[in-house]
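The values are calculated or read from the model by the stated rules, or taken from the named source; none is laboratory data. Keep in mind that what you see is a predicted model, and the values were worked out from it rather than measured. FYI the Cβ positions are ideal-geometry reconstructions off the backbone, even for glycines, and counts take in every protein chain you see. For the accessible areas, the whole protein counts, side chains as well, though only heavy atoms, and no ligand, DNA or RNA atoms are used. Shrake-Rupley method; radii C 1.70, N 1.55, O 1.52, S 1.80 Å.
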Amino acid sequence: SSISGQEAAAVELLCREMSSRGFRSYQDAIGNAIGVIGNGFVGSAIVAGFLLHVDEILIYDTDKSLCTHTLEETINGADVIFVCVPTPMLTETGGRIDLKIMDSVFEAIDKLNKRKDNIFVIKSTVVPGTTEKYQKLYPKF
């Protein structure tokens, strides 16, 4: 199976970021555990994809039946955390993506994150410029 140009660009960006932090490969960066915030359709696919490649997957979801860990444990227990939360399109705003859930997740991460070396990967659908917006708002991660 092949990946799209957009996916390839995202992988290349992640590899450059990991390299700038001194990691030699994605396995060095991921270590023994990954985190997943949001265990819906996208989050559960991430979990399934990494199941055989890491020792532990820390999962947080607002639906407690889908969690294995608290948000704080998920954030601080993994080197790479995949953010997979809903970003619905609202008809009353002309179909624009609503980032309220994503905003609240990153506000919580900012309060709970005790590390400066973990990497957050946005897997939710977002518009161009969103990642840069969060990088400026939350420079410590």
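Annotations for the structure displayed:
- Length gained on full extension, Lys64 to Thr125: 19.6 nm, using 0.36 nm per residue less the C-alpha separation.
- Ligands, DNA and RNA left out, the accessible area of segment 51-102 computed with a 1.4 Å probe is 57% carbon and sulfur.
- Förster radius 25 Å - calculated FRET efficiency between His53 and Glu17 (Cβ-Cβ, nearest 0.05): 0.85
- Within segment 97-141, the trypsin sites (Lys or Arg not before Pro) that combine a DSSP coil assignment with at most 15 other C-beta atoms in a 10 angstrom radius are Lys114, Arg115, Lys116, Lys140.
- 11 Å beta-carbon shell around Tyr60, net charge (K/R +1, D/E -1): -3
- Solvent exposure of segment 55-141, expressed per residue, is 59 Å² of accessible area, with all protein chains present and a 1.4 angstrom probe.
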